[in-house]
1. Could you calculate the FRET efficiency of ARG8 with GLU91 from 1/(1 + (r/R0)^6), where r is the beta carbon distance between them and R0 is 22 Å, rounded to 0.05?
2. Pairs LYS41/LYS75; LYS25/LYS75; LYS18/LYS41; LYS31/LYS75: which exceed 18 Å Cα-Cα?
3. At 7 Å along Cα-to-Cβ for each site, give me the label-to-label distance between ALA30 and THR59 in nm.
4. Cα-based Rg (one decimal) and Dmax (whole number) for region 39-101, in Å?
5. If amide hydrogens are placed 1.01 Å from N in the peptide plane, which non-local residues have theirs closer than 5 Å to the one on TRP40?
Amino acid sequence: MAEAKTGRHVLKPEQSKKYIEHLGKTAKDAKCQWCGENQWKPSDHYVVPLILTPAGEATLNNVPLIPLMLNTCLKCGNTMFFNAVVAQVFEEGDADANPKT
Ligand SMILES: [Zn+2]
């Protein structure tokens, strides 16, 4: 299974459902702002932005992590990020939203 090889955290089915519902409820205009198409692929996992120290080194220690969901246009590749807590994929303080390093 690809997920096991990469170590990627795949959402539970109920989390994916919440994310897709969030996209459906909040989209004012679902057309891609780059190419104008309406063919999106919501991610089945989240990413976190790297936080840089004052020295410019990436760290995940002692900083709040911001889980982000992706939504990618299948025509042009334009990718949007959605805060996973706002999208209710995770609850504030949820252990899954703050993976240990
Ligand atoms: Zn596009």
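1. 0.55
2. Exceeds cut-off: LYS25/LYS75.
3. 4.2 nm
4. When restricted to Cα atoms, region 39-101 yields Rg and Dmax of 13.5, 41 Å.
5. LEU74
Quick note: the coordinates plus some simple rules give every number you see, no bench work behind them. Predicted model, so just to flag it, every value in this text is computed and none were measured. When we count neighbours, we look across all protein chains shown, and the Cβ atoms used for this are built from the backbone with ideal geometry, even at glycine.
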